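First the structure, in the form of structure tokens, and then the observations on it.
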Amino acid sequence: MGGFFGAVGRRDVVLDVFFGTDYHSHLGTKNAGLAFWDRETGFSREIHSINNTPFRTKFEDDLAEFRGTCGIGAISDSDPQPLLVRSKLGLYAIATVGKISNYDAIVNGFLEGHSNQFMAMSSGRVNTTELVASLINEGDSLLDGIRHAQKTIEGSMSMLLVTEQGDLIVARDDEGRLPALIGKKDGGYCVSFESFAYHKLGYEDCHELGPGEIVRMTPDAMEVLSPPNDNLKICAFLWAYYGYPNSNYEGVNVEIMRCRNGEIMARDEMAKGTLPDVDFVAGVPDSGVPHAIGYANRSGKHFARPFVKYTPTWPRSFTPENQEVRNMVAKMKQIPVPELIDGKKLLFVDDSIVRGTQLRETVDFLYESGAKEVHMRSACPPIMYSCKYLNFSRTNSDMELLARRVIQELEGDEGQNHIEEYADAATERGKCLLKRICETFGFDSLGYQSLDGFLEAIGIDRNKVCTYCWTGKE
């Protein structure tokens, strides 16, 4: 995924941007960067790899060298950024978050037209942010260019720019799949992917951009350069997993939504009579925990933490590039509490089940620790489609997804014509899917949250929420 933070003020904003960017570290593990504009010295910028070192550690030594009244920072799971761009529109810094689905077509269009080269990365790919800047530079002004980029890009792309006049410009992606919020305090403004990041820095809520909206900020004013459209399709998976607990999107708090989601899951299971008799309800750390708290509260079952994750050295299990190492790290992070596992019947709630890479290890670990029964619940519906709008997963093919692999095992290619049935646990095919996954991974039972239940937990107009990864419908 990735995230960004920017600020503009009458005074130096380096520390605000440093800490605001750091608060987005949960959104990416590959690259990070900071860029600042100062009236006397102009632009300064640093980019570092954060594959194995936290953001703060990488950038603390740079702080003494930075100065500026306008700046941006980016955490990225993909390409290095922010970039400094010199063009006919002037010199500016730019950071982006999103995914360009028609990437190849845009690159080829430039190469076959008036542009004969890009600065390729070691992989041979063009930096996504450079490609966005190239689209912007086709316009007659920054505003015209941003609008052109928004119309050209398929997928999603939010942009954050610092101009050579020291202004801060933010553009939310054209369908609002990702958030962009503005905070305000005396003498300045900031913009952030995560709202909690600026609350901790003394900013108050000022404005949440609508889809496609473009806003310019100076230390003294905020100006809407291009109004929002009516095409909101915010990513539902932000609430399921990616969003930080105390962030708000479209007025809905992440932690409250997750607890409510767990309550709805338990409510519906109780109504169907499928709630198992267990000693404890637990969440798979960390994002599964609030879903599990809601489930436990509604079901009346005791909440517990039968295992915890040891994260001081490896905060995220998919940080290593090697899959074998990632699996080993995931195993080593799981620290059991034997007194809460041995001889106990346990129900775990996870935020989602994507590829199922670590499911078997988790179940084996629990049974090896003495669990009597292990029941699994997913806080969202079966993921059937790889996201074509956001870089939220390493999955490159639908057939890497657990649910799709199991469908293929059950019915071969014919099964792929009945995905909607398999996603519905009330159908015969849906029951077969659950049974096969239980047999494969050793669960005593498995349940997925329904699409209706998940959307009820979010609580906004369901037509304004993107559920492509579950339904395949745009």
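Can you tell which of Leu84, Leu143, Leu89, Leu135 is within 23 Å of Phe55 (Cβ to Cβ) and not assigned by TED's automatic domain parsing to the domain that holds Leu390?
On the way: Leu143 fails: within 23 Å of Phe55 (Cβ to Cβ); Leu89 fails: within 23 Å of Phe55 (Cβ to Cβ); Leu135 fails: within 23 Å of Phe55 (Cβ to Cβ).
Every option except Leu84 fails the conditions.
A single member of Gly210, Gly166, Gly155 is surrounded by fewer than 20 Cβ atoms within 10 Å (Cβ to Cβ) and over 25 Å from the mean Cα position of the chain (by Cα), and it is Gly166. Quick check on the stretch 124-132. Is at least one of its residues closer than 18 Å to Gly20 by Cβ, without any contact (Cβ under 8 Å) to a residue 60 or more places away in the chain and buried (at least 19 other Cβ atoms within 10 Å of the Cβ)? Checked the stretch 124-132: no residue is closer than 18 Å to Gly20 by Cβ, without any contact (Cβ under 8 Å) to a residue 60 or more places away in the chain and buried (at least 19 other Cβ atoms within 10 Å of the Cβ). In the stretch 280-297, of all residues being among the β-branched types (Val, Ile, Thr) and outside any strand (DSSP E or B), the one that is modelled with the lowest pLDDT corresponds to Val284.
Comparison of Gly183, Gly176 shows that the only residue that is in contact (Cβ under 8 Å) with a residue 12 or more places away in the chain, of a type in the set (Gly, Ala, Ser), assigned to a strand (DSSP E or B) and not assigned by TED's automatic domain parsing to the domain that holds Ser386 is Gly183. Would you mind stating whether Phe43 is within 26 Å of Asp140 (Cα to Cα) and over 25 Å from the mean Cα position of the chain (by Cα)? Answer is yes for this residue.
Here's the yes/no breakdown for (1) assigned to a helix (DSSP H, G or I); (2) in contact (Cβ under 8 Å) with a residue 24 or more places away in the chain; (3) within 27 Å of Lys372 (Cα to Cα):
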residue: Gly412; (1), (2), (3): yes, no, no
residue: Lys431; (1), (2), (3): yes, no, yes
residue: Asn463; (1), (2), (3): yes, no, no
residue: Cys469; (1), (2), (3): yes, yes, no
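Only one entry of Val107, Val85 meets the criterion of being at pLDDT below 95 and either surrounded by 14 or more Cβ atoms within 10 Å (Cβ to Cβ) or in contact with a helix residue (DSSP H, G or I) (Cβ under 6 Å, 6 or more places away or on another chain) (or both), and that entry is Val107.
Scanning the stretch 338-355 for any residue that is modelled with pLDDT under 80, within 22 Å of His26 (Cα to Cα) and assigned to a loop (DSSP other than H, G, I, E, B) turns up nothing. From the list Ile214, Ile234, Ile264, which one is under 22 Å from Lys388 (Cα atoms) and of a type in the set (Val, Ile, Thr)? It is Ile234. Picking from residues in the stretch 135-162 that are of a type in the set (Gly, Ala, Ser) and closer than 16 Å to Gly210 by Cα, the one that is modelled with the lowest pLDDT is Ser156. Determine if the stretch 446-454 includes at least one residue that is in a loop (DSSP other than H, G, I, E, B), touching a residue at least 60 places away in the same chain (Cβ under 8 Å) and either buried (at least 18 other Cβ atoms within 10 Å of the Cβ) or touching a strand residue (DSSP E or B) at 6+ places or on another chain (Cβ under 8 Å) (or both). Yes, the stretch 446-454 contains at least one residue that is in a loop (DSSP other than H, G, I, E, B), touching a residue at least 60 places away in the same chain (Cβ under 8 Å) and either buried (at least 18 other Cβ atoms within 10 Å of the Cβ) or touching a strand residue (DSSP E or B) at 6+ places or on another chain (Cβ under 8 Å) (or both). Among the residues of this structure, Gly98 counts as one that is small (Gly, Ala, Ser), in contact (Cβ under 8 Å) with a residue 60 or more places away in the chain, in a strand (DSSP E or B) and surrounded by 22 or more Cβ atoms within 10 Å (Cβ to Cβ). Of the listed requirements (1) within 30 Å of Ala197 (Cα to Cα); (2) in a helix (DSSP H, G or I); (3) in contact with a strand residue (DSSP E or B) (Cβ under 8 Å, 6 or more places away or on another chain), Ile106 misses just one: (1).
In the stretch 219-238, the residues that are not assigned by TED's automatic domain parsing to the domain that holds Lys185 and assigned to a helix (DSSP H, G or I) never reach a residue that is loosely packed, with under 13 Cβ neighbours inside 10 Å and at pLDDT 95 or above with C-beta atoms less than 7 angstrom apart, at least six apart or across chains. Residues that are assigned to a loop (DSSP other than H, G, I, E, B) and without any contact (Cβ under 8 Å) to a residue 24 or more places away in the chain: does the stretch 267-279 have at least one? Yes, the stretch 267-279 contains a residue that is assigned to a loop (DSSP other than H, G, I, E, B) and without any contact (Cβ under 8 Å) to a residue 24 or more places away in the chain. Checking Ser49, Ser44, Ser78 one by one, the residue that is more than 14 Å from Glu164 (Cβ to Cβ) and either surrounded by 13 or more Cβ atoms within 10 Å (Cβ to Cβ) or in contact (Cβ under 8 Å) with a residue 60 or more places away in the chain (or both) is Ser78 and no other.
Being modelled with pLDDT of 95 or more, among the small types (Gly, Ala, Ser) and surrounded by fewer than 22 Cβ atoms within 10 Å (Cβ to Cβ) is a description that does not apply to Ala180. Surrounded by fewer than 24 Cβ atoms within 10 Å (Cβ to Cβ) and either among the acidic types (Asp, Glu) or part of a loop (DSSP other than H, G, I, E, B) (or both) - does that describe any residue in the stretch 189-198? Checked the stretch 189-198: no residue is surrounded by fewer than 24 Cβ atoms within 10 Å (Cβ to Cβ) and either among the acidic types (Asp, Glu) or part of a loop (DSSP other than H, G, I, E, B) (or both). In the stretch 433-444, of all residues being in contact with a helix residue (DSSP H, G or I) (Cβ under 6 Å, 6 or more places away or on another chain) and over 20 Å from Ala371 (Cα atoms), the one that is surrounded by the fewest Cβ atoms within 10 Å (Cβ to Cβ) corresponds to Arg436.
Note on the stretch 1-56: among residues that are of a type in the set (Phe, Trp, Tyr) and outside any loop (DSSP other than H, G, I, E, B), the one that is nearest to Thr128 (Cα to Cα) is Phe4. Screening the candidates Leu390, Leu359 for the property of being buried (at least 19 other Cβ atoms within 10 Å of the Cβ), within 30 Å of Glu175 (Cβ to Cβ) and modelled with pLDDT under 90 yields one hit, Leu390.
The values are calculated or read from the model by the stated rules, or taken from the named source; none is laboratory data. Just so you know, these numbers come straight off a predicted model, no measurement behind them. Glycine gets a Cβ as well: all are built from the backbone with ideal geometry, and neighbour counts include every protein chain shown.
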